[in-house]
1. Give just the number: which of (1) more than 24 Å from residue 77 (Cβ to Cβ); (2) modelled with pLDDT under 95; (3) buried (at least 23 other Cβ atoms within 10 Å of the Cβ) does residue 229 not satisfy?
2. Cβ-Cβ below 6 Å, separation at least six or inter-chain, first residue in region 30-53 and in the same structural domain as residue 246 (by TED's automatic domain parsing) and under 17 Å from residue 65 (Cα atoms), second at pLDDT below 95 and crowded, with 24+ Cβ neighbours inside 10 Å: which pairs?
3. When region 58-86 is examined, which residues are found to be touching a residue at least 40 places away in the same chain (Cβ under 8 Å), assigned to a loop (DSSP other than H, G, I, E, B) and closer than 21 Å to residue 29 by Cα?
4. Restricting the search to region 1-41, which residues are at pLDDT 90 or above, assigned to a loop (DSSP other than H, G, I, E, B) and surrounded by 13 or more Cβ atoms within 10 Å (Cβ to Cβ)?
5. Any chance you could count how many residues in region 87-97 are surrounded by fewer than 24 Cβ atoms within 10 Å (Cβ to Cβ) and either in the same structural domain as residue 155 (by TED's automatic domain parsing) or in contact (Cβ under 8 Å) with a residue 60 or more places away in the chain (or both)?
6. Taking residue 172 as meeting all but one of (1) assigned to a loop (DSSP other than H, G, I, E, B); (2) closer than 30 Å to residue 107 by Cβ; (3) out of contact with any strand residue (DSSP E or B) (no Cβ under 8 Å at 6 or more places or on another chain), write down the number of the exception.
7. Against the definition (assigned to a loop (DSSP other than H, G, I, E, B) and touching a strand residue (DSSP E or B) at 6+ places or on another chain (Cβ under 7 Å)), how does residue 298 come out, yes or no?
8. So, residue 44, is that one in a helix (DSSP H, G or I) and modelled with pLDDT of 90 or more or not?
């Protein structure tokens, strides 16, 4: 058995990590719990998950699970989404302080004001929004399905919140619609600059460049491929290049190496987590926190019933349209 002393945040040896992972899996079986983790989680957290995915994949898994408990290793809006699509399940968040800065850049009041100013628009909310924003939106999207869903909307005018980068990427591919785009952004993805990507292209002229659509438009212009985290995985592991420059959060490297270790995956060195860009809120979830949360069933995600009911509609519409 792993002692509670080991469950405190501290430097863990590989032996400690192995013990914790074994105990977390045992607890999950005992409690009929499913562990979901985003690709941006720490490698040791990804390795104990029953499923690792991007926002769309995790939304689908959360809506389909038969487990009694969902331990969601992601940021707050992801945990809320799991609760919205599965209101009778107990959803646990290993680190309640792990929010999403981009999600916090818009409020439900902001959306209602936009609706008044543009009454003929449909509100398209990136899934990277808090539950109250989803509750006043018409449909949710992810970076994997945003273009396809917006193309299917009957309205010729769209309010897109909160990510300006993804909004402009969708606008570029859906020229027959008029867009009102909120000026939010993902801080880690906006850390990438065109200059550093160009420098990497010069250092590795044989490499392909895969970019997440949350990046700045000038970075996107340098890409060979633009897509969600899951789409980047498919491209980077299957393309004919031996090297791929990957412009997204460094947590994805763990999955890429597991999928196709024969390739070299190059991440820009812009911030100070393994020398690469990282999402500090994603990395705020540690193995000890997952263990203690599951063991004691801590940090249950709760939402008002009316928010759950109203926010469920745009999420289910997304799942249907995608």
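The values are calculated or read from the model by the stated rules, or taken from the named source; none is laboratory data. Remember, it's a predicted structure, so these values are computed and weren't measured experimentally. Backbone-built Cβ (ideal geometry, glycine too); neighbour counts: all protein chains shown.
1. Residue 229 satisfies every listed condition except (1).
2. Final answer for the pair search is none.
3. Correct list: 74 only.
4. 39, 40, 41
5. 5
6. Status for residue 172: all satisfied but (1).
7. When the stated conditions are applied, residue 298 passes them.
8. yes
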